[in-house]
Each structure stands twice: as structure tokens, then as C-alpha cells.
Amino acid sequence: MRRPVVLMLGPHRNAVSGISTHLNLLFSSPLADEFYLVHFQVGSEGRAEGRMRRLARIVVSPLSLAAAILVHRAVIVHINTALNARAFWRDLAYLAVARLCGARVLYQVHGGALPQQFFPRGRVVTAVLRKTMGLAHAIVVLAQVELEAYRRFFPGRQILACPNGVDVAQYSKIARAHSNTAAPLELVYVGRLTAEKGLYEALRGLQLARRDGARARIVLAGSGPEEARLRQFAQELGLADHASFVGPVSGADKIALLANADVLVLASYSEGLPYALLEAMAAGTAVITTRVGAIPDVVTEGVHGLFVPSRDVGAIARAIGTLAADREALARMGRACRRRIAGGYSMERLSRELRALYVDICTARPANSLARF
């Protein structure tokens with residue numbers, strides 16, 4: 001029997017991106033045993049192109065999507081996106097094309113602004129945008145705060161929270177050694193090297209913590225537009241011997257990196273539900289992080305790590321100092337992190353929830369293309 005085809009929209013699968021990680025995990029999950037998943041690349045991540053090629057791609061891409069839907073006879077178009085201006089207007093074209101071609105649409109939001117922040121002006125434009133978002137058969141968000149905000153903004157729409165999941169099994173094999181105060185506190189960051197990830201604040205916090213007597217160092221794994229400036233900033237802070245830039249890591253290298261780390265530092269200004277957080281916690285790594293996106297749904301203060309206010313260098317320094325001085329608490333946090341991810345954020349749970357949603361979308365009463373919009 002032919003498996004139903006799902007077109008998965010998102011960036012290049014090799015891009016340094018949380019959505020790329022999400023796609024790769026789904027393609028290797030039990031969901032791919034019941035549905036035939038086909039990747040359709042959107043966005044600029046993972047591409048090397050000039051302005052004219054990018055413009056041509058933007059113009060042609062909706063037509064390419066229509067062709068892909070018809071060729072593969074796709075039942076569902078699963079849009080993976082974030083709520084920002086560029087992605088939103090691009091995705092409206094994909095929404096319309098998918099509906100015109102008779103496909104069902106699942107619109108999954110991986111962070112970005114809340115709708116009340118994104119559409120702050122005017123009743124008319126808000127009403128129009130609410131209607132256009134109604135082209136999706138279901139909207140999926142990652143965080144409880146997003147779920148409440150989207151349900152208020154899009155009343156009557158099918159909106160669900162479906163947090164990310166990771167392959168817990170590969171991290172459960174890690175045997176962690178007990179960290180002691182004689183050794184430096186091993187900090188790690190994994191992801192895009194951008195300012196909004198709070199990396200300048202993290203480096204400055206590390207410098208202050210070391211000035212106050214904490215023995216700590218950090219490994220930054222990833223690439224991005226701020227890499228050269230961050231390297232220079234670390235030099236200026238006197239952290240040349242205490243901040244290592246190792247480039248993007250994946251697979252066994254990422255697992256080994258997280259296994260040897262004591263603390264993940266993720267001082268982001270905004271997030272959805274970062275895979276780096278889930279992977280680090282699954283590996284038994286405690287966290288220093290901010291209360292943004294779905295992170296407060298996963299992390300409990302003092303149980304799995306420590307929260308710091310966004311952009312607060314002093315708070316980051318104090319958190320580093322606290323964990324460097326109390327390795328017993330650090331070990332308890334690591335064990336609690338593993339239990340938390342295994343209990344609620346596994347790929348099995350994510351696959352089960354998406355499968356149920358796919359089935360619900362496929363069996364829902366059909367609508368006549370764009371007629372009711």
C-alpha cells in the first residue's frame with residue numbers, strides 16, 4: 001500500500017539550523033515508516049547565491065512547489081518556519097499554492113515573534129492576516145506561551161503545542177564522570193554564531209567569573225556571521241586560552257563534546273525550543289539559559305540549571321561561579337536533565353504526536369480549495 005506523501009518544507013538539511021536538525025530527525029524517525037517524507041528546500045540557509053539568483057529562486061519557488069506536489073501526489077505540505085517578516089510573506093505564497101493544488105497544510109512555527117507582536121497595527125490588516133493564516137489546516141507551536149498567544153490571536157483555528165524531541169537512546173549510553181572543583185568548569189555552546197544568541201554576553205560573563213576566582217572555560221561549536229568578531233572579542237577579553245572555537249559539530253563529535261561538558265550556556269534573546277538545549281540535557285549537561293520561548297517549559301530553576309535575564313552579563317558570571325563552586329549540585333542537575341528529556345522530549349513522543357496530527361488532517365472534512373477565504 002502506498003504511503004501518504006508529506007512534503008517537508010525547510011532549509012537545506014546540512015545547514016546550521018534548528019529547523020534542519022528537526023527535519024533530519026523526522027526523516028530518520030518512526031514517522032518516516034508510515035509517511036513518505038520528501039524534503040523541499042526553502043530559504044537562503046545552506047545556499048551560496050547572489051542577489052539575482054536569490055530573486056529568481058523566490059519567483060520560481062512557488063511554481064516548483066506546485067510541481068513537487070503534483071509529481072509526488074503529496075497529501076500534506078508541512079511548512080517549517082519562524083514568525084518573522086521575510087518567512088511569513090514567503091510562506092503565504094506556499095500556503096496558497098498548496099491549497100490550490102489540493103494538499104492539506106500543516107504550519108509549524110519554530111520560534112520568532114508572537115502574533116500580537118508581529119501584527120501590532122490596524123484592525124483591517126490584522127483581520128486579513130488572520131484570514132490568510134486560516135489557509136493552514138493546523139498550526140503547531142513549540143511553547144505553552146506561544147499556544148496561548150496563537151489561540152487568542154487566531155480563535156477557532158486548530159492550534160496545538162508539539163515540542164521538539166531528540167533521539168534519547170544515543171545520549172543514554174554516555175557515562176559521565178563526576179566533575180570536581182580542581183578541574184575547570186567546562187562550558188559549551190552549540191549553534192549559530194550570532195549576536196542574538198547572547199554570545200558576547202556569555203564571553204563577558206566568563207571573563208567576570210574568572211576575575212572573581214571561578215576556574216572555567218568555554219567551547220563554542222558552530223559557525224555564523226559573528227565568528228570573526230567573536231574570536232576577536234575573546235582575544236580582547238584575555239580569553240584566548242579559555243575560549244575555543246571548533247566549528248560546526250555533528251553526529252559522534254557532537255555527542256562527545258556534550259558528554260565532556262559540564263554546562264551548556266544559551267543566553268539567547270529569543271528562541272523556539274532549541275535542539276542544542278534538548279541534546280545537552282539528554283547528555284546530562286546542566287544549563288545556564290534565559291527564559292525565552294519554550295525553554296521555561298523544559299527547564300526548572302535549580303533543578304536542571306540556572307536562569308539568567310537576557311543580556312545580563314553579571315547574572316551569567318554569577319551563574320558560572322555558582323556552578324563552578326558546587327559540583328554536587330551540578331551532578332544532581334545533570335541527572336535531572338537526563339530524566340526530563342527521556343520522560344517528555346523523545347523522538348518517539350514527537351513521532352507519535354505528529355502521526356496523530358497527520359492522520360487527523362488527512363481524514364478531516366475536505367475543503368474546496370480557497371473558496372471559503
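The values are calculated or read from the model by the stated rules, or taken from the named source; none is laboratory data. Computed from a predicted structure; not experimentally measured. Neighbour counts run over all protein chains shown; Cβ positions are idealised from the backbone, glycine included.
Name the pairs: first residue in the range 351-373 and in the same structural domain as LEU37 (by TED's automatic domain parsing), second residue at pLDDT 90 or above and part of a helix (DSSP H, G or I), Cβ to Cβ under 6 Å, at least 6 apart or on different chains?
Between residues of the range 351-373 that are in the same structural domain as LEU37 (by TED's automatic domain parsing) and residues that are at pLDDT 90 or above and part of a helix (DSSP H, G or I), the close pairs are SER351/LEU31; LEU354/LEU31; ARG355/LEU31.
When you scan the range 199-235, how many residues do you find that are free of Cβ contacts under 8 Å to residues at least 40 places away in the same chain, basic (Lys, Arg) and outside any helix (DSSP H, G or I)?
So the answer is 1.
Out of all the residues in the range 136-148, is one or more surrounded by fewer than 22 Cβ atoms within 10 Å (Cβ to Cβ), of a type outside the set (A, V, I, L, M), at negative phi and in contact (Cβ under 8 Å) with a residue 24 or more places away in the chain?
The first filter runs over the range 136-148 and keeps only residues surrounded by fewer than 22 Cβ atoms within 10 Å (Cβ to Cβ), leaving 138, 144-145, 147-148.
Pick out the ones that are also of a type outside the set (A, V, I, L, M) and you get 144, 148.
Still in the list and also at negative phi: 144, 148.
Then drop every residue that is not in contact (Cβ under 8 Å) with a residue 24 or more places away in the chain, which leaves 144.
Looking for residues that are surrounded by fewer than 22 Cβ atoms within 10 Å (Cβ to Cβ), of a type outside the set (A, V, I, L, M), at negative phi and in contact (Cβ under 8 Å) with a residue 24 or more places away in the chain, one finds at least one in the range 136-148, hence yes.
Taking THR285, is it closer than 21 Å to GLU186 by Cβ and under 15 Å from the mean Cα position of the chain (by Cα)?
When the stated conditions are applied, THR285 does not pass them.
Taking PRO225, is it touching a strand residue (DSSP E or B) at 6+ places or on another chain (Cβ under 8 Å) and assigned by TED's automatic domain parsing to the domain that holds ALA325?
On the way: touching a strand residue (DSSP E or B) at 6+ places or on another chain (Cβ under 8 Å): no; assigned by TED's automatic domain parsing to the domain that holds ALA325: yes.
When the stated conditions are applied, PRO225 does not pass them.
Quick one: which helices (runs of 4 or more DSSP H) sit completely within the range 258-332 and have at least 3 residues that are under 21 Å from LEU193 (Cβ atoms)?
Working: elements: 275-282, 295-298, 313-325.
It comes to 275-282, 313-325.
Take the conditions within 22 Å of LEU306 (Cα to Cα), assigned by TED's automatic domain parsing to the domain that holds ALA228 and in contact with a His (Cβ under 8 Å, 6 or more places away or on another chain) and apply them to LEU185. Does it pass?
On the way: within 22 Å of LEU306 (Cα to Cα): yes; assigned by TED's automatic domain parsing to the domain that holds ALA228: yes; in contact with a His (Cβ under 8 Å, 6 or more places away or on another chain): no.
The answer is no for LEU185.
With the structure loaded, tell me whether PHE118 is surrounded by fewer than 19 Cβ atoms within 10 Å (Cβ to Cβ) and modelled with pLDDT of 85 or more or whether it fails that test.
So PHE118 fails the test.
List the number of the failed condition for VAL75; all other conditions in (1) modelled with pLDDT of 90 or more; (2) farther than 24 Å from LEU135 by Cα hold.
(2)
Of (1) without any contact (Cβ under 8 Å) to a residue 60 or more places away in the chain; (2) surrounded by 14 or more Cβ atoms within 10 Å (Cβ to Cβ); (3) farther than 24 Å from THR21 by Cβ; (4) of a type in the set (D, E, K, R), ARG99 satisfies all except one. Which?
It fails just one condition, (1).
Collect the residues in the range 274-287 that are in contact with a helix residue (DSSP H, G or I) (Cβ under 7 Å, 6 or more places away or on another chain) and in contact (Cβ under 8 Å) with a residue 40 or more places away in the chain, keeping them in residue-number order. Outline the logic, then answer.
Taking the range 274-287 first, the residues in contact with a helix residue (DSSP H, G or I) (Cβ under 7 Å, 6 or more places away or on another chain) are 274-275, 277-287.
Those that are in contact with a helix residue (DSSP H, G or I) (Cβ under 7 Å, 6 or more places away or on another chain) and in contact (Cβ under 8 Å) with a residue 40 or more places away in the chain: PRO274, TYR275, LEU278, GLU279, ALA280, MET281, ALA282, ALA283, GLY284, THR285, ALA286, VAL287.
For the range 13-30, how many residues are part of a loop (DSSP other than H, G, I, E, B), at pLDDT 90 or above and more than 17 Å from LEU357 (Cβ to Cβ)? Walk me through it before giving the result.
Let us first name the residues in the range 13-30 that are part of a loop (DSSP other than H, G, I, E, B), namely 13-17, 28-30.
Okay, now just the ones that are also at pLDDT 90 or above, so 13, 28-30.
After this cut, where a residue has to be more than 17 Å from LEU357 (Cβ to Cβ) as well, the list is 13, 28.
Count: 2.
Pick from ALA240, ALA276: which is of a type in the set (A, V, I, L, M, F, W, C) and surrounded by 14 or more Cβ atoms within 10 Å (Cβ to Cβ)?
Numbers: ALA240 fails: surrounded by 14 or more Cβ atoms within 10 Å (Cβ to Cβ).
Just a single option satisfies the conditions, and that option is ALA276.
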